[in-house]
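What follows is one structure encoded as structure tokens, with my remarks underneath.
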Amino acid sequence: MVEYEAPLRDYDFLFNEVFDVTPTIKRLGYDFDEDFLSMLAEGWADHAKEVWLPINQLGDRVGLKFENGEITMPQEFKDAYKQGIEGGWFSTSTKPEHGGMGAPIFFQSVIWGEIATATNMAMSVLPALTLGVYDVLNEHGDQVLVDYFSSNLAQGHWAGTMCLTEPHAGTDLGIISSKAIPQDDGSYRVTGTKIFITYGEHDMTENIVHLVLAKTPGSPEGTKGITMFLVPKYLPKDWKSGDLDGLSHDLMQEHNGVTCAGSEEKMGIHASPTCVMNFDNSVGWRVGDLHTGMKLMFQMMNQERLATGIMGLGLAEIAYQNSLAWAKDRRQGRDLRGPKDPKEPADNILVHPDVRRMLLEAKVNNEGCRALAAWTGILLDQMHSDDPDEVEYASSLVALFTPIVKAHFTDVACETASTCMQVMGGAGYCTEYAVEQFYRDVRISKIWEGTNGVQALDLAGRKITQNMGKNLRHLMWPLTEFIEENRDIPEMLEFNKPLHQGVRGLQQLTLLMIAEGQANPHFLAAGATDYCRYFGNVLLAYMWAKMAKKAMEKKGDPFYDAKIASARFFFKRIYPETVSLAAKIQSGHKSVMEYPTEMF
Ligand SMILES: Cc1cc2nc3c(=O)[nH]c(=O)nc-3n(C[C@H](O)[C@H](O)[C@H](O)COP(=O)(O)OP(=O)(O)OC[C@H]3O[C@@H](n4cnc5c(N)ncnc54)[C@H](O)[C@@H]3O)c2cc1C
């Protein structure tokens, strides 16, 4: 049986003790208190555990069926999705006027996201994408589009997709060839082929709303010429011209020229369709101004990138919990210092330092990432403050954290899933125990929403110099303040000193990347992945030092003592990788770029 307990105690510690979120959400105008939010989290955790988790392995085994251009999802998935709508579980952060609950963004993005992906990643991406479409539409769409589509998207009755990738254009979206031709009535006709479209076709909802990137005639070359269009699978029944004003939600029977030409067979997330989508003269409406498509899609992608990082965390957590449960039962060998259970034929494998190391790496990385996710979630809410200074501060940090949460969390999560399989020996490799599914499912998180290599380039080549270096300055304030505050506290020394060293190292490496990168972009690009990982480690170090500080107030309680011990493990056994990362970055690009290409 697959084990899972949502980490609600950890969320309580993070949101209410480490980050003390209640005054912030009150100030931001939310009518939610601590008790209501923890009830909401419990309710969602119960639902996900009772409804989503039991069908996760079934989704992996049965997958979906593609026939004659249509995708049929497992009946159990359709039933579970329906229950999700009825329970309001897809509309916690959407606006009350669209039938949503209007809860703080951090609830949906962090708590909902981690629990959803842990219990059923294949299912979780459907509401996550839909929410992304809803948010972009609400921020940038014409009022008529908002009025027509929002309520159904907000509540999950209609689903959303993002259609960027084309057969010849993945990372390089500037070369897409999908076209949108303007019509006299204000609508467009969209034509092109998109590939790898998650939930591009399915029978979970009545309609599917695609956000499609395309180019209008005469557009500038490259990404500057891209515009975003909303293209529904089905048009309203009474639709005749470009106008949607006042139309009913009854839908036409025939497709709006949107067809699915196939669904990929893939390594994991077998119950998440990955579709080739053809748009043939499909009716669409522009979202935002002409040629702003990339900017708008980046807004959605940034949201999905954070969601992807948290998805990595969700899968790493469930992999950890299951490998731990298995390890607690498994007896092999003896403690090297003498038998622990002499009456048994062998000791439990937790006596072995190497097994403990593996489990601790998983646990401590997960909890560190969860803390950074919590901070980022609160910042997402602060981005909507009335105070422009708070908006600027929060936006800078979110810009900086987005590639790190996406890349660092998912790199670590893939390592964690593999480590958890290792803890279990041969059982870990077998389907019965599910960890092999988590290992396969989590692997996509390093690839989609922009590969991790591209995230690292975004961090090193853009985010650290963006806004005249303000992003980084906004981060250095709380970091240096924390280091100063704790400088003379003896019990914080073991955490504060390495944190200080890491922050100094980060500053030096940043200057090196900027200076050398200006002279030779290959230097910056060759070091970007290691720089991103270094940065991720420093942020987790800050999180662990903060958590240790809080935990010291309640020493003697096992939960808090474990936090201090975990912080100690992080600083002694994970954080030292920053030393080798720094050496790799400093070694520059030559060993990479001077290697003769013909010798590969
Ligand atoms: C299961 C799945 C679901 C997906 N869902 C969606 C979806 O819903 N919507 C959608 O639009 N797309 C989706 N994608 C596409 C996904 O976002 C792309 O696969 C991803 O962005 C990488 O593009 P690519 O596959 O073309 O790889 P490529 O761009 O060909 O990259 C190949 C390699 O080259 C590297 N590389 C490429 N360019 C650069 C560069 N400039 N600098 C450094 N390195 C570079 C990459 O990091 C990578 O390692 C999905 C893909 C999969 C597999």
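Each reported figure results from applying straightforward, stated rules to the coordinates on display, with no laboratory input. Because the structure is a prediction, the values reported are computed rather than measured. Methodologically, a virtual Cβ is constructed for each residue, glycine included, from the backbone with ideal geometry; neighbour enumeration extends over all protein chains shown.
Hey, what's the Cα Rg ratio for the range 457-555 versus the globular rule of thumb, 2.2 N^0.38 Å?
So the Cα radius of gyration is 1.20 times the expected 2.2 N^0.38 Å.
What lysines does Lys340 reach when the alpha-carbon gap must be under 30 Å and sequence neighbours fewer than 8 apart in one chain are set aside?
Lys328, Lys363, Lys555, Lys563, Lys572
So if each residue of separation counts as 0.36 nm, and I subtract the Cα-Cα distance between Phe298 and Arg356, what length gain in nm does that give? If you can, show how the numbers build up before the last one.
Values: separation 58, 0.36 × 58 = 20.88 nm, distance 4.08 nm.
Residue separation times 0.36 nm, minus the Cα-Cα distance, leaves 16.8 nm.
So, in nm, how far is label Gln332 from label Met267 when the simple model puts each one 7 Å beyond its Cα toward the Cβ?
2.4 nm
Under a crude label model (7 Å from the Cα following the beta-carbon direction), how far is Asp185 from Lys78 in nanometres?
Spacing of the two 7 Å Cα→Cβ label points: 3.1 nm.
If you put +1 on each Lys and Arg Cβ and -1 on each Asp and Glu Cβ, how big is the dipole of the range 8-138 around its Cα centre, in Debye rounded to 20?
Values: 9 positive and 20 negative charges, 77 e Å.
Its charge dipole is roughly 360 debye.
May I have the pair-distance distribution P(r) for the range 186-226, computed from all Cα-Cα distances with 10 Å bins from 0 and rounded to whole percent?
Result, from short to long distances: 21, 45, 27, 8 percent.
For the chain, take the convex hull of the Cα atoms, compute a quarter of its surface area, and give me that in nm², please. Let's see the in-between values first.
Values: hull surface 118.3 nm².
The directionally averaged projection comes out at 29.6 nm².
Find how much the distance from His157 to Asn68 grows on full extension, using 0.36 nm per residue of separation minus their present alpha carbon separation; answer in nm with one decimal.
Working: separation 89, 0.36 × 89 = 32.04 nm, distance 2.39 nm.
Going from the current span to full extension adds 29.6 nm.
On a straight-distance basis, which lysines could pair with Lys78 in a cross-link, Cα separation under 23 angstrom, same-chain partners fewer than 8 positions away excluded?
Lys49, Lys65, Lys233, Lys266
List the residues whose amide H sits under 5 Å from the amide H of Asn207, counting only those 5 or more places along or on another chain, with H placed 1.01 Å from N in the peptide plane.
Answer set, sorted by chain and number: Ala159.
Using the Karplus curve 6.51 cos²θ - 1.76 cosθ + 1.60 with θ = phi - 60°, work out ³J(HN,Hα) for each residue of the range 180-194 in order, rounded to whole Hz, and write x for Gly and Pro.
10, 9, x, 10, 4, 7, x, 8, 10, 10, 9, 9, x, 10, 10
Could you tell me how far the Cα centroid of the range 387-419 sits from the Cα centroid of the range 56-107, in Å?
26 Å
Stokes-Einstein at 4 °C, 1.567 mPa s, Kirkwood radius from Cα pairs: D for the range 183-270 in µm² s⁻¹? Can you show the working numbers first?
Numbers: Rh = 15.2 Å.
For the chosen part, D equals 85 µm²/s.
Between Thr292 and residues 5 or more places away or on another chain, which pairs have amide H atoms under 5 Å apart, with H built 1.01 Å from N, and which residues are they?
The answer is Met228.
Can you spot the lysines whose alpha carbon is less than 17 Å from Lys463's alpha carbon? Ignore those fewer than 8 places along the same chain.
Here the lysines satisfying the reach criterion relative to Lys463 are Lys295, Lys406.
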